[in-house]
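These notes are about the structure you will find just below.
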Amino acid sequence: MSARSELEQATRRLEELSQRIAGAVDRPATEIEELARQASDLSAAVVEIIPRAIAEAESDARGDVPRIGDPAPGAPADGGDGPQSDPSGAFVPDGLSEDEPA
Amino acid sequence: MGEVSRRQARRQAVILLYQRDVTGLPVPELVENALHAGEHADDPFTQALVDGVEADRSEIDRRITSSADGWTADRIAPLERNILRVAVYELGTGDVPVPVAIDEAVEMAKKWCAAEAPKFVNGVLGRVARENAEAAA
């Protein structure tokens, strides 16, 4: 499952849990505590999924989704063991870019 | 850690605000978590953006709602909402040229959001920028 699908599902479940907690005022304390624990676990999961989902969207936008048979990231193109090329040489300025050190 | 570009800092700020928005967890906890994951969450520009949006969120949301043509800020999808919040905050500071603040937000929307989001973000920020210019005149 993609990170974005995971995020969508987890966010929906978190919203449902929040609604259940809000409507559980007259329920036993143990039940409310259990719901709160589930919400806490789910929040932690959402926090972890969000950067992955964004990285996934960026990867899709660049069109660099790895294909089967592609070399691993950082692997030399010719499969040799010589020095890597200078990655700074790949930088292309893009006009309005703010992609310089703050 | 190496230097962080303003674009990277802006990206990190939107991620932190998005996490805060969806989970309700406090920002310091989210920053700690991001640092643990190797993100540049303690960058000063990132912190200035997050703190600025948090401090002025009601007013920023009011500006978004008044410029969003039938949408209230709370009904906009959370990722778009936080891209807009950061950009509206930046437009308000005057520290960044208007076209840059809008362009950066539109680029994030292009990469991260649904197909119609960049146009929506561009439209809202264009109206906010015009209001700012009129208020300053």
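Add -39500 (n - 2.57) for each DSSP H run of 4 or more in chain B, then divide by its residues: what number comes out at 222 nm, to the nearest 500 deg cm²/dmol?
Working: 7 runs with 102 residues, N = 137.
Theoretical 222 nm ellipticity from helices: -24000 deg cm²/dmol.
Convert each backbone phi in segment B:70-85 into a coupling constant with the Karplus relation 6.51 cos²θ - 1.76 cosθ + 1.60 (shift: θ = phi - 60°), then list the ³J(HN,Hα) values in order as whole Hz, x for Gly and Pro.
Karplus values, whole Hz, x for Gly and Pro: x, 10, 9, 4, 6, 9, 7, 4, x, 5, 4, 4, 7, 4, 5, 4.
Given a cut-off of under 8 Å on Cα pairs at least six residues apart, what relative contact order in percent is computed for chain B?
Details: 134 pairs, mean separation 30.3, N = 137.
Across chain B, relative contact order equals 22 percent.
Short version: ³J(HN,Hα) in whole Hz for each residue of segment A:4-20, in order, from phi by Karplus 6.51 cos²θ - 1.76 cosθ + 1.60 (θ = phi - 60°), x for Gly and Pro, what are they?
Taking θ as phi minus 60°, the curve returns 5, 5, 4, 5, 4, 5, 5, 5, 5, 5, 5, 4, 4, 4, 4, 5, 5 Hz for segment A:4-20.
Report the label-to-label distance for A:Ile21 and B:Ala133 in nanometres (one decimal), using points 7 Å from each Cα along the Cα→Cβ vector.
With each label placed 7 Å out from Cα toward Cβ, I get 4.5 nm.
Could you calculate the contour length gain from B:Asp69 to B:Ala37, that is, 0.36 nm times the residue separation minus the distance between their Cα atoms, to one decimal place in nm? Working shown, then result.
Values: separation 32, 0.36 × 32 = 11.52 nm, distance 3.84 nm.
Difference between extended and current length: 7.7 nm.
Report the full-extension gain for the segment B:Ala114 to B:Ala55: residue separation times 0.36 nm, less the Cα-Cα distance, to one decimal in nm. The partial results should precede the final answer.
Working: separation 59, 0.36 × 59 = 21.24 nm, distance 2.84 nm.
The B:Ala114-B:Ala55 span can extend by a further 18.4 nm.
The numbers here are math on the coordinates, done by the rules we state, and not lab data. The structure displayed is predicted, hence computed values, not measured ones. Using ideal geometry, Cβ is built from the backbone for each residue, glycine included, and neighbour counts are taken over all protein chains shown.
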